[in-house]
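For reference, the structure is listed below as C-alpha cells.
The values are calculated or read from the model by the stated rules, or taken from the named source; none is laboratory data. Because the structure is predicted, anything quoted here is derived from the model rather than measured. As a convention, Cβ positions derive from the backbone with ideal geometry for all residues, glycine included, and neighbour counts pool all protein chains shown. Remember, those area values only see protein heavy atoms, side chains included, never the ligands or the DNA or RNA. Shrake-Rupley method; radii C 1.70, N 1.55, O 1.52, S 1.80 Å.
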Amino acid sequence: MKKQSTFIIALLLLLPIMLSATPFGKTGTAALQFLKLGVDARAIGMGEAYTAVSDDISSTFWNPAGLAPAMQNQAFFSHTNWIANIYHEYAAASFTNGVSTLAVYGSVLHMDDIEITDEETFGPTGETFTNSGMAFGVNYASVFTDKFSAGVGVKYLRENLYEFAVNSYAFDIGSMYNTGWQNLKIGMVLRNFGPDIRYRVDNDEDGLYDEDPFDLFDNDGDGLVDEDGPELDCKIPMSFSLGISGDIMRTDTSHWIASLQLDNVVDRKETWNLGTEYKLSNLFLRGGYQIGYDTNGFSAGLGYRIATSFAIFNIDYAYTDMGKLMENPLKTAHRVSLKMSY
C-alpha cells in the first residue's frame, strides 16, 4: 500500500513538468470550451479555488480524489444561467462503502435557437440553428491512508456546432493529501487529458473530407476542384490545478476555511484563485476572486443546509461578476445547486 501511494504521489508531482514540456498554444486554440465551465454554486462562490477543498459529490468535476472520504451516498444537480441565453446543466450521483466511491455524472451546455443570416442580404432566412456540448463520465476514488486519497475518471465528450459534430474522450486524475494540521489539505488534479480532435467538415457535400487541393480532381462533379481542404487538429482544454486549503477556525457548529489555487490550462496564461467559506450553524457565506482573467473575477455565494429524516440537503447560490460582458449587474452568470446526502 505504501509503494502504491508513493508512486501516485510521484506521478502527480510530475504533472506540472509534463504540462510545461510542450509549447501549448494559447487563446482560441482549444475546442470543447464547455469543459472549462465550473459547476456547483459552492465552488463558484469560492472563486473556483476548490481543488483542495473538494469533499463531496461535485468532486466529479473538480477533483475525483475528493469523492473518497464520503461516508454517505450523494446526488447533485447544478444549473447555470449564462449570459446570451446560454445554460449549463450538471447532474451526478455517487455510491460509497466508506473506503471507495463510484460516481457517475452528465454535463450539458445548451442555448436558445439562433436565426440563420444570409451572407448576401445580411437578413434572416427563417431557419434557425443551435449549438451544444455534452460530457458523460464515471469516476472512481479510494482512501489509501488516513491522510491520502486519489481518484480517476473517464468521460465521453460530444460537441455539436450547427450541423457539425465531434466525438472524443478524456481522463481525469487527482489526489488529496491532508497534513493533519488545521485540516490543511493539498490537492492536485489533471483534467481533460485526451487526444486532439478534428472537426469533419464537408462544405461541398461530396461525401469526402480533408481533400487534397493539388490533385486537380472534381470529386463531386460540380465543376470545382476539391473545395474541402484539410481540417486542423484542435486540442481539448487540458488543465492542471494545484491547490491548498485549511481551517482558519473550526468548532462543532461553525468553521471558516480559506483556499488558494493555481490553474494551468493549455489555451490561456496561468491563473490564481482565492476563496473562503464561513459556516455558522446551517448557513454558509462564501467569497472568491480569480486573478489573471479578462473579467473582474469576483464571485460570492451563500448556502443553507436542511436536515430531514430522509436525507441532508444543501441548497447553494453563487453570483459571478462578468465585467464588461454584463449589460447590468443582474444580467450575469447565476448558479444554483442542490446536493443530497443519504
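Values computed for the structure shown
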{"read-out": "Distance (nanometres) between label positions extended 7 Å along Cα→Cβ at Asn160 and Phe95", "value": "3.0"}
{"read-out": "FRET E, pair Ile306, Tyr87, Förster distance 35 Å, beta-carbon r, rounded to 0.05", "value": "0.85"}
{"read-out": "Å² of accessible area per residue within the range 44-163, as computed with a 1.4 Å probe and no ligands counted", "value": "44"}
{"read-out": "Surface share of carbon and sulfur [accessible, 1.4 angstrom probe, percent] for the range 158-200", "value": "57"}
{"read-out": "The range 243-288 - accessible surface per residue (Å², probe 1.4 Å)", "value": "48"}
{"read-out": "Accessible-area composition of the range 95-135, carbon plus sulfur, in percent [1.4 Å probe]", "value": "56"}
{"read-out": "Computed label-point distance, nm, for sites Val138 and Arg250 using a 7 Å Cα→Cβ extension", "value": "3.3"}
{"read-out": "Packing-based order for 239-246, 306-313, 256-263, using average beta carbon neighbours within 10 Å, highest first", "value": "239-246, 256-263, 306-313"}
{"read-out": "Gain in span if fully extended, His110 to Asp294, counting 0.36 nm per residue against the direct Cα distance", "value": "63.9 nm"}
